[in-house]
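The values are calculated or read from the model by the stated rules, or taken from the named source; none is laboratory data. Treat the numbers as computed from the prediction; the structure is a model and nothing was measured. Because the Cβ atoms are built from the backbone with ideal geometry, glycine has one as well, and the counts that use them run over all protein chains shown. Only protein heavy atoms, including side chains, enter the accessible area calculation; ligands, DNA and RNA are left aside. Shrake-Rupley method; radii C 1.70, N 1.55, O 1.52, S 1.80 Å.
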Amino acid sequence: MWRRSPSFILDRTSSSPPMAADTTRTPIQNPDSISAYYQTRAAHHGVITSEWLSQAQAAVGGVVSGDEHPVSSLNELGNEKSFNVIEEFNSWRKQPDLAEAVAAIRALAAVIRASEATTMMELEIELKKASDTLKSWDKTSISLTAGCDLFIRYVTRTSALEYEDFNSAKSRLLERAEKFGEISCKARRIIAMLSQDFIFDGCTILVHGLSRVVLEILKTAAQNNKLFRVLCTEGRPDGTGVLLSSELSKLDIPVKLLLDSAVAYSMDEVDMVFVGADGVVESGGIINMMGTYQIALVAHSMNKPVYVAAESYKFARLYPLDQKDMAPALRPIEFGLKIPTKVEVERSARDYTPPQYLTLLFTDLGVLSPSVVSDELIQLYL
Amino acid sequence: MESRRNPRAVVDPKVRQVGFFTSSQPDSSSTQQQQQQTDPIPASASSPPVSTISPSGNSLSPVMIPPPRLNSSDTFPLRGAAAGASSAVSPSSFSYSNRRDFPDGSTTASPGRHSRGSFVKSSTPVASSLPGIGMDSMAAAKSSSVPASGLTTVSVVTMPPGLAEKASGMEVQSDQKKNPKSLKEKTTKAERRAIQEAQRAAKAAAKADGGKVPPGTSASVASTSVKVAKPAKPSTQKNEVSVAAGVTEKKGGPSEKDRKKDAPHPRMQYDDESRVVKAKRRAVVKQTEAKNRVELFRHLPQYEHGTQLPDLETKFFQLDPMHPAVYKVGLQYLSGDISGGNARCIAMLQAFQEVVKDYSTPPEKNLNRDMTAKISSYVSFLIECRPLSISMGNAIRFVKNRIAKLPITLSESEAKAALQSDIERFINDKIIGADMVIVKHAVTKIRDGDVLLTYGSPTAVEMILLHAHELKKKFRVLVVDSRPKLEGQLLLRRLIKRGISCTYTHINAISYIMHEVTKVFLGASSVLSNGTVYSRVGTACVAMVASAFRVPVLVCCEAYKFHERVQLDSICSNELGDPNAISKVHGREDINYLDGLTNNANLQFLNLMYDATPSDYISMIITDYGMVPPTSVPVIVREYQKEHLLV
């Protein structure tokens, strides 16, 4: 890599200016250059407990009624639409069990509900505008972008809408939005069921990152009385592995905590690797927490299967060619020691794992090989 | 270990044909015996039908053609003789005719039947294909002296069951032409047939005798094949006599078929002599076939360059059915004035638009059918000028489909207008519009500071580079080129004119230059459904080097060039260019070492036009449906074809 001078230079220069450019373009960009997505993740990591999760389970069904209030109040304020959407989105996002995409979908549904449009076309434009503001609010979040895109497709791509009068069409749209939100919530359950066939008694599973889907999978496996062992990576800097291991130990699953750098050392005893995904891209590769790529590389070279658990709303029409081919998602990293100002720090929060290092993707569409992702996306978007 | 070494032999391309030859009753026993000697595994001996096809039996199969590369001393004279076809009695003619028979399309026939059929044909097509070279006279001369011997062999040999009727049918046809007409009046059908058989037998005998004579018969295989061939042949003759009545009925069949498939199949196998002859008879453009073709690529058409153009020009007024627009485009293909997938396709479609404009339905004919037939004949003319590209094939399919789908209620002028606008829309949406979309997608992948490599002169990539430059992206371009076309220079010229910083190099330096490249942009002639990219020769090399250096390879290709075919190598379907282009360097008289060697039998030139890049070396395909991995080409093909028919 070092020989490729241009990209090397590019890396240097890109670390500061591009963010500035971004903030000037979008006024509602979150204040500092830190990725909002990873900020929320970090915040959630602090509070995710089994109580939270059980509460969230209940919320899947009944959440709509409880949160009706903020929607209406905001509408009455009569603020401009963009503000409205983001507030709405943030209020949904506060719930740790609600994935970002689902929050976005709920927020967009609220937009439909609040809309004063009188024609389908108007409504569609309004929806489009809202989703655009949402997307530009946090460009680093892939699932947010993907969720918005998917919702727009799902809601508007129906011929039935053309034959009805506006009000029934609108209520139908809302119906679809609700249904879509529900499907997204159910997805995690489906994935957990699908993955059970792959966990066999006596196996050792390496887990990286704190993925709600992976946790659900392991929990379901434990409930099914499967005997297995979990190795958790530490997951610097958030300590995701520490949280996950404490969750698992509550379920009486034998857990061992590893340093992030001890993956290759312990790969010998591992039978399979489970990771979540922030986004699944068109090539079939995944974008996930930093470190996933190197774990996949190690696993691939030792012929261990790498399984990815991801809901289908994380499928994004992106196609990164290499690690640098994405908008950088930065976050603060604490090294404990004081770092001289001359020393650069790599602050990227995520990496891209190419599809050839992945074995299977567990999604609510079924268990897919990486190449199928693109097929699904083409069918969805074309 | 011994058993493992045997199958190796099958991998040799020549020996592959053994799959077609199961034993006829007499020789199967011999092969089996020998097989038991060589093959230590008893299982294969216990199941004869399998064993005869098996590789171990193959080396002893009487009908096997001696693999040319085993005895290279033998092959070269053979090839020369084959290409020249100077004398039918030469030792080479036997193996020549065999070789030609091998790819003959009748794959549906059972292996056994095919093997026997091939013998029958081996004697005849030489005569039918070379009517001018004294075969007739020779046959006539022999006819008086040999008939008796021919008849005796018929009586001696027992007839094996299930003979190749198709083969005999063809034979009859060719014989009929060969026969002097005076015979017909005097003799009855049976008599005539007998005489023919005699002639043929005599010829074969003469050939076989000659086959034993030559000094260089190092291959014992060759001699065995000749020996076994003799008994096999009369048996077919007898059968023929017995089915003579049936054959006469069938005679009408093939000629009708001939008329039907007026256009030569786009992927015709050009080493199949009989088909080539048939195609030639229909051909408008008289192409002289190049001599000394490379063994592995004999199935592809290769013509002497530059000979046919004056001939065609003089013929202009004789070719009454050809529309001048089509004629013009054909000539432009032939002379190389129009090249590049999109340009060729657009030129063809525009010619078809002209055709539609000037078309009027002949009385008592249906517009849909007549127009389709017309387009077919034009297409066959264009194929003769230059083999179709896959993109053109898709475009033709579209045009024909539109014609077929025209509602019968439309008046002629309405139908013509509809067709013209359909073609116009295809050009605008699928070619020009698609390029726009590709450019839009591809530009997002170009970042400041990139070094982009491109090979040859792909139009889509040129548009991308120019557009990226307009967007004020800072990048450098490496244009890699290769002889003999040197298309890259044209691209280079246009890029430099716009002020893009470029580096120009030949493909020889690719491994040196690759380390500074950040992305490789390539064009494609076609993308096949297994993700294989079929493109200008040299592309595979560039893609492989790039992937070895872990540089992403982006292929830009419009979706109308996608095809559901699967191709694993660049051998079975390709195009051969002018061999002179690689043997001579213009403007360098001092290094023309090959002057005067072009017709040497020991020298073959291979100027391939395309190659196939496996999908492993391709990171992304940029098409008008977005950026997709090579694995999802079949999805696009499926979706596209659906839409394609609905447009």
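I need the strands (runs of 3 or more DSSP E) fully contained in region A:176-293, keeping only those with at least 1 residues that are in contact with a Ser or Thr (Cβ under 7 Å, 6 or more places away or on another chain) and open to solvent by 30 Å² or more (accessible area, probe 1.4 Å). Spell out how you get there, then give the answer.
Values: elements: A:203-208, A:228-233, A:255-258, A:272-275, A:286-289.
Output list reads A:228-233, A:255-258.
Out of curiosity, is A:Ser301 open to solvent by less than 40 Å² (accessible area, probe 1.4 Å) and away from every other protein chain (no Cβ under 14 Å)?
Spelling it out, it is not the case that A:Ser301 is open to solvent by less than 40 Å² (accessible area, probe 1.4 Å) and away from every other protein chain (no Cβ under 14 Å).
Take the conditions surrounded by 21 or more Cβ atoms within 10 Å (Cβ to Cβ) and in a loop (DSSP other than H, G, I, E, B) and apply them to A:Leu318. Does it pass? Can you show your working first?
Values: surrounded by 21 or more Cβ atoms within 10 Å (Cβ to Cβ): yes; in a loop (DSSP other than H, G, I, E, B): yes.
Against the criterion (surrounded by 21 or more Cβ atoms within 10 Å (Cβ to Cβ) and in a loop (DSSP other than H, G, I, E, B)), A:Leu318 qualifies.
Out of region B:402-414, which residues are surrounded by fewer than 16 Cβ atoms within 10 Å (Cβ to Cβ) and not hydrophobic (A, V, I, L, M, F, W, C)?
Result: B:Lys405, B:Pro407, B:Thr409, B:Ser411, B:Glu412, B:Ser413, B:Glu414.
Give me the pairs, please: first residue somewhere in region B:462-484 and farther than 13 Å from B:Ser501 by Cα, second residue anywhere and outside any strand (DSSP E or B) and of a type in the set (S, T, N, Q), beta-carbon distance under 8 Å, and either six or more positions apart or on two chains.
The qualifying pairs are B:Asp481/B:Gln489; B:Pro484/B:Asn607.
Looking at region B:370-385 only, could you name the residues that are free of Cβ contacts under 8 Å to residues at least 60 places away in the same chain, in contact with a helix residue (DSSP H, G or I) (Cβ under 9 Å, 6 or more places away or on another chain) and not polar (S, T, N, Q)?
B:Met371, B:Lys374, B:Ile375, B:Tyr378, B:Leu382
Can you confirm whether B:Val553 is away from chain A (no Cβ under 12 Å) and either among the aliphatic types (A, V, I, L, M) or farther than 30 Å from A:Tyr319 by Cα (or both)? Show your work before the answer.
Details: away from chain A (no Cβ under 12 Å): no; either among the aliphatic types (A, V, I, L, M) or farther than 30 Å from A:Tyr319 by Cα (or both): yes.
Spelling it out, it is not the case that B:Val553 is away from chain A (no Cβ under 12 Å) and either among the aliphatic types (A, V, I, L, M) or farther than 30 Å from A:Tyr319 by Cα (or both).
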